[in-house]
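Data first, discussion second: the structure below is written as structure tokens.
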Amino acid sequence: MGGPEPKIDLNDDQLLRYSRHILLPEIGIEGQQKLAASHALVIGAGGLGSPVALYLAASGVGRITLCDHDDVDLTNLQRQIAHDTTTIGQPKVESARAALARINPEVQVISVRERVEGARLEALVATADVVIDATDNFATRHAINRACVKHRRPLVSGAGVRFDGQVAVFDLRLDSSPCYHCLFPEEGELEDMRCAVMGVFAPLVGIIGSVQAAEALKLLMGVGETLTGRLLLLDALSMQWRCVRLKRDSTCKVCGSR
Ligand SMILES: [Zn+2]
């Protein structure tokens, strides 16, 4: 899996910066080189997107495209850890880009200050090695899923509201993988629970976003077993995790004719 991976030689500083990764036999220099050659598309630079982008940058993913149309405001700072008091009023993608650069200036961060959709979304997905959905509304989630199905890109999906979080991987490079629509048909949605109007326990999005980052890194390196075909549900109030097996829906309108 994973397509062509040009070898990127690591210099002495990089060998030190990533030494605790390189020490892991599952990763090693080879895994770190794969990350350096990778492109991750992170859609959403809020509660989930913050930890996702921070961990991907710290881990040395070579290129990160970060999309968000919004500006930082005071109500974001309780949980959106890529932003801080000094960046209130700035575009979230610029605030986050500066935060990522402070952690790891070697990572190329491309900021896209728009609500990506349509042809623009498709073009971005087509160039990515992994797509991380860190958005907060169903319409965008389904648009991202459709683009990932079409271009067969692995999708790491996360959500968190109140004390409830969920995370799943749809490795759409595999014929057997379900897609987001198999799990959540568009017509089945009763309510669009947006963080904009709901309460959110601050570390919940940190936990879910960190799981998304871990899955994205594993997908990029081809190590371990990902959450493909599994939905992980967290009730942070009782700190109970549940795992639900997912199956592809052969009648799914999005991936059924794949
Ligand atoms: Zn499907």
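Could you list all residues from segment 228-252 that are within 16 Å of the ligand (Cβ to nearest atom) and either surrounded by 14 or more Cβ atoms within 10 Å (Cβ to Cβ) or within 17 Å of the chain's Cα centre (by Cα) (or both)?
T228, G229, R230, L231, L246, R248, D249, C252
Within segment 46-60, work out how many residues are within 10 Å of the chain's Cα centre (by Cα) and assigned to a loop (DSSP other than H, G, I, E, B).
Number of matching residues: 1.
What are the residue pairs meeting all of these: first residue in segment 59-86, first residue of a type in the set (D, E), second residue surrounded by fewer than 22 Cβ atoms within 10 Å (Cβ to Cβ) and in a strand (DSSP E or B), Cβ atoms under 9 Å, and 6 or more apart or on different chains?
So the pair list comes out as D68/P91; D68/S111; D68/V112; D70/P91; D71/P91.
Only one residue in G158, G224, G209 is buried (at least 18 other Cβ atoms within 10 Å of the Cβ), out of contact with any Pro (no Cβ under 9 Å at 6 or more places or on another chain) and either at negative phi or part of a loop (DSSP other than H, G, I, E, B) (or both). Which one?
Details: G224 fails: buried (at least 18 other Cβ atoms within 10 Å of the Cβ); G209 fails: out of contact with any Pro (no Cβ under 9 Å at 6 or more places or on another chain).
Going through G158, G224, G209 in turn, just one is buried (at least 18 other Cβ atoms within 10 Å of the Cβ), out of contact with any Pro (no Cβ under 9 Å at 6 or more places or on another chain) and either at negative phi or part of a loop (DSSP other than H, G, I, E, B) (or both): G158.
Does L217 qualify as being more than 14 Å from the ligand (Cβ to nearest atom), in a strand (DSSP E or B) and on the phi < 0 side of the Ramachandran plot? Walk me through how you get there before you give the answer.
Values: more than 14 Å from the ligand (Cβ to nearest atom): yes; in a strand (DSSP E or B): no; on the phi < 0 side of the Ramachandran plot: yes.
No: the conditions fail for L217.
On the basis of being within 16 Å of the ligand (Cβ to nearest atom), over 11 Å from the mean Cα position of the chain (by Cα) and either over 30 Å from D175 (Cβ atoms) or at pLDDT 95 or above (or both), does R115 make the cut?
On the way: within 16 Å of the ligand (Cβ to nearest atom): no; over 11 Å from the mean Cα position of the chain (by Cα): yes; either over 30 Å from D175 (Cβ atoms) or at pLDDT 95 or above (or both): yes.
No; evaluated as a whole, the condition is false for this residue.
When you look at I132, is it part of a helix (DSSP H, G or I) and either surrounded by 22 or more Cβ atoms within 10 Å (Cβ to Cβ) or not β-branched (V, I, T) (or both), yes or no? Walk me through it before giving the result.
Values: part of a helix (DSSP H, G or I): no; either surrounded by 22 or more Cβ atoms within 10 Å (Cβ to Cβ) or not β-branched (V, I, T) (or both): yes.
Considered against the rule, which asks whether it is part of a helix (DSSP H, G or I) and either surrounded by 22 or more Cβ atoms within 10 Å (Cβ to Cβ) or not β-branched (V, I, T) (or both), I132 comes out as no.
So, A143, is that one of a type in the set (A, V, I, L, M), touching a residue at least 12 places away in the same chain (Cβ under 8 Å), surrounded by fewer than 24 Cβ atoms within 10 Å (Cβ to Cβ) and touching a helix residue (DSSP H, G or I) at 6+ places or on another chain (Cβ under 8 Å) or not?
When the stated conditions are applied, A143 passes them.
The values are calculated or read from the model by the stated rules, or taken from the named source; none is laboratory data. Note that the structure is predicted; figures quoted are calculated from it, not measured. Every residue, glycine among them, receives a Cβ derived from its backbone with ideal geometry; neighbour counts consider all protein chains shown.
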